[in-house]
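Okay, structure first, notes after.
Each value in this text was obtained by applying a stated rule to the coordinates, not by laboratory testing. These numbers were taken from a predicted model, which means no experiment stands behind them. When we count neighbours, we look across all protein chains shown, and the Cβ atoms used for this are built from the backbone with ideal geometry, even at glycine.
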Amino acid sequence: MASAAATPPVPKPSTSHRLNINVGVLGHIDSGKTALARALSTVGSTAAFDRAPQSRARGITLDLGFSCLCTELPPHLGTEPGELQLTLVDCPGHASLIRTIIGGAQIIDLMMLVIDVTKGMQTQSAECLVIGQIACQKMIVVLNKIDLIPESKRQAAVEKMSKKMQKTLENTRFHGCPIVATAAKPGGPEAPETVTPIGVSELIEVLKSEAYLPTRDPSGSFLMAVDHCFSIKGQGTVMTGTILSGCVSNGDNVEIPALKVTKKVKSMQMFHTPVNYAMQGDRVGICVTQFDPKLLERGLICTPESLQTIHAAIISLKKIPYFRGTLQTKAKFHITVGHETVMGRVMFFSPAPNDFTKEPLENDFDFGKEYLYQEEYLSKDSKSSEENKENDCTEERQLPKQQWALLEFEKPVTCPKLCLVIGSKLDTDIHANTCRLAFHGVLLQGMEDKSYAETCLPKLKVYKLKHKEGQVERLCDDYSVIGRSLFKKETNIQIFVGLKVKLSTGEEGLIEGGFGQSGKFKIRIPDGVRPETKALLTATSKKKPKAGKGDTGKEDESSKVDSVQPVHITLLFKRYVFDAQKKMIQS
């Protein structure tokens, strides 16, 4: 969503101007998020305050809730009269609903992290903080439930928790963010509705001061994240959601890509107010006819034929530092792409070692370049696998400025280009005190062809470096030697004929063919074997003299022969991962 880093010049709003900002309400389960959203709101939507029967029965939020707070436009956003509409996105705090939280976080401009002041940071508070760092630029910390602390100790407890939170946020993008103490529902859920919240008016002032003009662009294809779908008798089916890009008007055709269905927009509302037009960032209900709401619980709607349905993708990614494990190639993750979460297998790769320090290519991928296969995502805490150790770059712990992954999905996903991707291990025990979010990135290339393994992947030039070591057994003549220990007895040496090798003494040669049946081979050295190498090979090929009792001179000679170093042979080549012929390539 929008960036809050630098506030652009603010256009003067007209009298009827209404600026909408989406505020995410995130935090651990039972920290009082829904009570806070209710205390702040002036208007609730059809999906607000746990209206779902299951939510009310269980006493927890199970889905995104939407409501809004309308207030006057603060001076820093315009000098003429206008209205600030803060759309509150109440996200569930339960660990098992992380998919819903990620979906909600992608539509927010500003985040409120709600902390139970008596408990401090908890597991899901930390995950919400991670998601906030990925999805938005600004945050307010709300220390809720201060009514649970006796008044005499309240001030000291709030100050202590504020310092703790400032310390936690020290190395995040939210360093120095406002911290506000509240009691959204003094006395808890059973308290009467007439009870007055504590600190909510102060929180509203902070929200107004932190509000900024998000980047909104009505151009481009219309795309909306639908979070609720229901029918109204005599009207039609209403799809409610947040517009992620473009704009929509009454009478426009919109596609439900997951169902390959196109419908005409009959009417629209924003928080019970009829509108003819809505654009990026707006929360809107779109009414269509002759559509069964049961077919679309949540998903995307868009300008017809503007989205891709993909089976695999290339993403640029970064590891989430709080994730404790390594990111291994071939591992499976829960991949959230846009607003869908599916299982996917990953393969990590980086630039060729010479390009490690090159500046990242933003929002683009070059199929013309070569890339180095990685057994795992390279980070300071990654263990270099045997294969990675062969690349001198990882030995020095030099890390590339950009890394990529190939994602292969277990079922196709429909998503926009350049959308947010989050990889998680959601099968981790939800009671474990650990971050389940593993990496985040941007989708650069989607593969729409079901047969992408045959049609797309061969164009992806990811290679593995292969390194084989053997040694010279004996000198054959002035221009050739016999080698051993490079191949197994059963290896077809014929496929290696013509490949270059290097001797530890400096000579370069070519594999000429096999020699005998035990995996030995002949190396041709075009420039000839050096005299000092001949001397070395002659010395190592001599049989050890048998030392007689007390024959010290012969013992000395024997130890000299033993100390002669063998001549090693090195074979280096690379092989492209997606080359069906498995050709060996030497530069």
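For this structure, a couple of remarks:
- Once Rg and the Kirkwood radius are both taken over the C-alpha atoms of region 119-167, their ratio Rg/Rh works out to 1.03.
- Region 414-542 - convex hull of the alpha-carbon atoms, volume per residue in Å³: 255 Å³
- For the pair region 280-323 and region 324-373, the centres of their Cα atoms are 22 angstrom apart.
- Three-way shape label, region 114-202, alpha-carbon gyration tensor, a/c 1.5: prolate
- Of the peptides 522-533, 114-125, the ranking by mean beta-carbon count within 10 Å, highest at the top, reads 114-125, 522-533.
- C-alpha center-to-center spacing [region 164-204, region 397-453] in angstrom: 34 Å
- A Stokes-Einstein calculation at 10 °C with viscosity 1.306 mPa s, built on the Kirkwood radius of region 196-236 over Cα pairs, returns a diffusion coefficient of 105 µm²/s.
- About its Cα centre, region 223-302 has a charge dipole of approximately 180 debye under the convention of +1 per Lys or Arg Cβ and -1 per Asp or Glu Cβ, with nothing else charged.
- Computed FRET value (nearest 0.05) for Gln235 with Leu499, which takes r as the C-beta separation and R₀ as 45 Å: 0.05
- Compactness index (Cα Rg / 2.2 N^0.38 Å), region 211-314: 1.05
- Largest first, the three principal axis extents of the alpha carbons in region 146-255 are 61, 40, 21 Å in whole numbers.
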